[in-house]
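Q: This is the structure I have questions about; it appears just below.
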Amino acid sequence: MQAILSELPWGLFLILIPLIGGIACFLLPVVARRLGLLTASLVLSAAVGLGWQLSSRGVYHHAVGGWGAPLGIDLYADGLSLLMLVMTALVGFGVSLYATGYFKPGHLVRFWPLWLLLLGALNALFLSADLFNLYVTLELVGLSAVALTALQGGRDALTGAMRYLLATLLGSLAYLLGVALLYHGFGTVDLVLLSERVVPSPVVWAALGLMSAGLILKTALFPLHFWLPPAHASAPAPVSAVLSALVVKASFYILLRLWLAIFSDISGDVAGLFGLLGAGAVLWGSLQALRQTRVKLLVAYSTVAQIGYLFLVYPLAPGMGITAWSAMAYLLISHALAKAAMFMAAGNLMQFGGHDRIADLDRVVQRLPLTAGAFALAGVSIMGLPPSGGFNGKWLLLQAALAQGRWDLVGVIFLGGVLAAGYVFKVLGNTFTQAPRTHEPISVPARMQWAAVLLAAGAILIGFLSSPLMALLEVGDPFNINGKGP
Amino acid sequence: MSVPFLYALVGIGLFCLGFHGLIVYDHLLRKILAINIMGSGVFLVLVALAKRGGEAAPDPVPHAMVITGIVVAVSATALALGLMLKVQAATGHAVLPGKSRD
C-alpha cells in the first residue's frame, strides 16, 4: 500500500482534480457546493501526499504524456514548490468552506467553476519548471482571478476588475517579451538549462528588466500597486481572500524562481532596488492602511505593505542565505493564512452589519466573538507578535538585517510592525464598543466564522512548526545553499 | 541588417506603440486594442527570432509558443470586451473612473 502511495503522481493530481471538479461544478450546478468542498479537500490531501513523497524520495519529476523537455512539459516540485502548494491547498480549503456559506444561489453557480479553475491554475503554476508554461499558467490565474473579482457585479467591482485586467495583461506581455529574448539568446525556456547557459549580456539585462517590471506590476509592489486596493476591496470576501493570499504570490513566486535560477549571479544592484521598493511598500502601504475608513480597504492596503517585506529579503540574501530565505518562506505562508482569515472576517462583518465602515462597527466582540477572535489572531501574525508565523518571519528577517549592519532595513521592519499594530487595533478597538448608529445583527453562518478562525489559528500554529517546515523547504535545495551559492 | 532582425525591431516598435496607447487613451476599447497591438508585437518578435542562419528551417518552438499565445490573447480579449460592456452598463461610460472623459 505504501509503495503504491509513494509511486502515485501526486503533482498531476493537484492539477487534474481541481480542473475536473471545476467542470463538474459547471455541469452540475445543483450539487456545486458539495462538489466544490469535496474537490478542495481532495486537493488538500493530494498536497499532503506530495509532501510525504518529497520528504521520503526527494524532488518530484513528471514528464506529462511521456514526452519530456524540451519538447513536452515537465512538472517539477522541490521544497519551495511544495511550500506554495501546501499554502494554496490550506487557504483553498478554508476559502471553499467559507464560500459554502457565503454565496447566494445565483452567484454560487458562477463562483465554483471559476474558483476551482483558479485553484488548478495556481497548482499548475507552482509545478511548472519552464518559462513558457509559467506564462500560460500565469495568464490562466490572471483571467480567472479577474472574472472572480467581477462576479457579483456592481460599479466598484466592475471598474476594479477592469483596471486589474489591464494591469495583469500588461504585466504578462512584458514577461512574455522577456521570455522571447531569453529563448533567442540561449535556445531554451527550461529553468535548469537556462541557469547553466546564461551569461551576462545586453539581452539578459533587457529580459531581466522586462520580466521584473511585469511581475512586479502583477505582484503589486509599490509603486505599481495602484490596481490592487480597488480590486481586492470590491471583490466578494472569499475572492478577496484568494486574491490577497494566493494570486499575488503566484507572480512573486515566478520572480523568485527567475532570480534564483538566472538573475542572482549577474545583478547586484537590482537586489538593492528591490529592497528599496520593498521598504517603500512597507511604509506607504501601512500608512495608507492606517488612513482607511473601511475594513476591506484597510486589509487590502495591508497586503501592499506585507508584500514589501517579501522584497526586503533580496538585498539580505547574498550575505545571509538560509536565514533570509527562511524568513521569506515564513512571511509567504503566514501572510497567506492570516490575510485570508482577515478578509473572511471582514466579509463576516459586512454581512453582520451590512457595511464595513470601521467607525460604525457595533458591539462585534459580544455578538460575533469568533469573527473578532479570528481578526485578532490574524492581526497578531500580521503585526509580527510572538508566537506566530509572522513573528518567526520578521524575526529571521531582522536577524539577517542586523548581522549585515543594515540599520535602515531594521528601522523599516520595526516601523512597519508599529504601523501594522496601529491599523489592526484601529479595527479591533471599534469592535468592542457600541456604534453611534446601532443596528440589528444579521446572522452569519457558523462555518463562515469557523473558516476564518481555522486559517487565523493556522497562521499562529506554523510559528511552532519551524523545524519540519525548514526540513521540507530544503528538499531539492531550491535556494542553492549547498550548491554554487556565494 | 538582416530581414528577421528588422521584423524583430518592428515587433519591439509595436510593443512600445501599444504601451503608449494603453497609457494615453482613456476609452476602454482603445486600451484593449492597445494591449492587442502589444501582444502582436511580442508575437512578431518570437516569429522573427525563430529564423536560423542559412537555409535551415526556422525553429518550430517559438511558432508553437505564438499559437498558444494567440489562444491566450483571444480569451483575454473576449473577457476584456465583456467586462467593458458591463462597465459601460453600470457606469454609463466605457472609461475607468478618475480620468477625464473624451
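The values are calculated or read from the model by the stated rules, or taken from the named source; none is laboratory data. Bear in mind the structure is a predicted one, so any value in this text is a computation, not a measurement. Reconstructed Cβ throughout: ideal geometry from the backbone, glycine too, with neighbour counts over all protein chains shown. Side chains are part of the model used for accessible areas, which takes the heavy atoms of the whole protein and leaves out ligands, DNA and RNA. Shrake-Rupley method; radii C 1.70, N 1.55, O 1.52, S 1.80 Å.
Q: Which length gain, in nm to one decimal place, applies between A:VAL59 and A:SER201 when the Cα-Cα distance is subtracted from 0.36 nm times their residue separation? It would help to have the intermediate numbers written out before the result.
A: On the way: separation 142, 0.36 × 142 = 51.12 nm, distance 3.16 nm.
Additional length available on full extension: 48.0 nm.
Q: Can you figure out the FRET efficiency of A:GLN404 with A:ASP477, using R₀ = 30 Å and their beta-carbon distance, to the nearest 0.05?
A: Using R0 = 30 Å, I get an efficiency of 0.85.
Q: Calculate, for region A:36-115, the solvent-accessible area per residue in square angstrom, rolling a 1.4 angstrom probe over the heavy atoms of the protein chains.
A: Values: 2990 Å² over 80 residues.
Roughly 37 Å² per residue, with all protein chains present.
Q: With no solvent and one point on each alpha carbon, what is the Debye value of log10 I(q)/I(0) for region A:268-486 at q = 0.12, 0.16, 0.17 Å⁻¹?
A: With no solvent term, the Cα-only Debye profile gives -0.63, -0.99, -1.09.
Q: For A:HIS232, A:HIS107, what's the largest-to-smallest order of accessible area, 1.4 Å probe?
A: On the way: A:HIS232 0, A:HIS107 50 Å².
I get A:HIS107, A:HIS232, largest accessible area first.
Q: If you roll a 1.4 Å probe over the heavy atoms of the protein chains, what accessible area per residue do you get for chain B, in Å²? Kindly include the intermediate steps, with their values, before the conclusion.
A: Working: 5570 Å² over 102 residues.
I get 55 Å² per residue for chain B.
Q: For A:160-168, what's the mean count of beta carbons from other chains sitting within 10 Å of each residue's beta carbon?
A: On the way: counts 2, 4, 12, 4, 1, 9, 9, 1, 1.
What the average comes to for A:160-168 is 5.
Q: Strictly over 25 Å apart at the Cα level, which of A:LYS218/B:LYS31; A:LYS104/B:LYS86; A:LYS104/A:LYS296; A:LYS296/B:LYS31; A:LYS104/A:LYS426; A:LYS249/B:LYS86 would you flag in this model? Kindly include the intermediate steps, with their values, before the conclusion.
A: Working: A:LYS218/B:LYS31 18 Å; A:LYS104/B:LYS86 21 Å; A:LYS104/A:LYS296 20 Å; A:LYS296/B:LYS31 28 Å; A:LYS104/A:LYS426 31 Å; A:LYS249/B:LYS86 28 Å.
Among A:LYS218/B:LYS31; A:LYS104/B:LYS86; A:LYS104/A:LYS296; A:LYS296/B:LYS31; A:LYS104/A:LYS426; A:LYS249/B:LYS86, the Cα-Cα distance tops 25 Å for A:LYS296/B:LYS31; A:LYS104/A:LYS426; A:LYS249/B:LYS86.
Q: Counting only protein heavy atoms and using a 1.4 Å probe, what share of the accessible area of the protein assembly as shown belongs to carbon plus sulfur, as a whole percent? Please list the in-between numbers first.
A: Numbers: 15560 of 22350 Å².
Ligands and nucleic acids excluded, carbon and sulfur reach 70 percent.
Q: Hey, can you rank A:167-173, A:221-227, A:338-344, B:87-93 by average C-beta count inside 10 Å, highest first? Numbers along the way, then the final one.
A: Working: A:167-173: 25.6, A:221-227: 20.0, A:338-344: 32.4, B:87-93: 14.4.
Those peptides, ordered most packed to least, come out A:338-344, A:167-173, A:221-227, B:87-93.
Q: Accessible surface of A:SER81 in the full protein assembly, 1.4 angstrom probe, to the nearest 10 Å²?
A: 0
Q: As a test of the definition: with a 1.4 Å probe, what buried accessible area, both sides summed, do you compute for B against A, in Å² to the nearest 100?
A: Details: alone 6960 and 18210 Å², together 22350 Å².
Approximately 2800 Å² gets buried when B meets A.
Q: Any idea what angle helix B:28-49 forms with the longest principal axis of chain B, computed on alpha-carbon atoms, 0 to 90 degrees, nearest 10?
A: Roughly 10 degrees between the two axes.
Q: Let me ask you something else. What aspartates and glutamates sit close enough to B:LYS51 to cross-link, taking a C-alpha to C-alpha distance under 14 Å and skipping anything fewer than 8 places away on the same chain?
A: The reachable aspartates and glutamates, counting only those whose Cα sits under 14 Å from B:LYS51, are B:ASP59.
Q: Compute the separation of the alpha-carbon centres of region A:134-199 and region B:52-102 and state it in Å as a whole number.
A: 12
Q: Return a whole-number percent for the relative contact order of region A:4-144, with Cα pairs under 8 Å and 6 or more residues apart as the contact set. Kindly include the intermediate steps, with their values, before the conclusion.
A: Numbers: 180 pairs, mean separation 45.0, N = 141.
Contact order relative to length: 32 percent.
Q: Plugging the Kirkwood radius over Cα pairs into Stokes-Einstein for chain A, at a temperature of 10 °C and a viscosity of 1.306 mPa s, what D comes out in µm²/s? Present the calculation step by step, with values, prior to reporting the outcome.
A: Working: Rh = 22.3 Å.
So the translational diffusion coefficient is about 71 µm²/s.
Q: On to the next question. Normalising by the residue count of region A:268-486, find the relative contact order in percent from Cα pairs under 8 Å and 6+ residues apart. The partial results should precede the final answer.
A: Numbers: 361 pairs, mean separation 61.7, N = 219.
It rounds to 28 percent for region A:268-486.
Q: Roughly how many nanometres apart are two label points built 7 Å out from the Cα toward the Cβ at A:GLN434 and A:SER6?
A: Modelled inter-label distance: 6.4 nm.
Q: Another question about this same structure. Would you work out the relative contact order for chain A, in percent, from Cα pairs under 8 angstrom that are 6 or more residues apart?
A: Numbers: 864 pairs, mean separation 78.7, N = 486.
The value is 16 percent.
Q: Next up: Per residue, how much accessible area does region A:268-486 show when a 1.4 Å probe rolls over the protein heavy atoms, in square angstrom?
A: Working: 8210 Å² over 219 residues.
Result: 37 Å² per residue.
Q: Next question. Using only helices, what value at 222 nm comes out for chain A when you add -39,500 (n - 2.57) per DSSP H run of length 4 or more and divide by the total residues, to the nearest 500 deg cm²/dmol?
A: On the way: 21 runs with 360 residues, N = 486.
Roughly -25000 deg cm²/dmol at 222 nm, from the helical runs in chain A.
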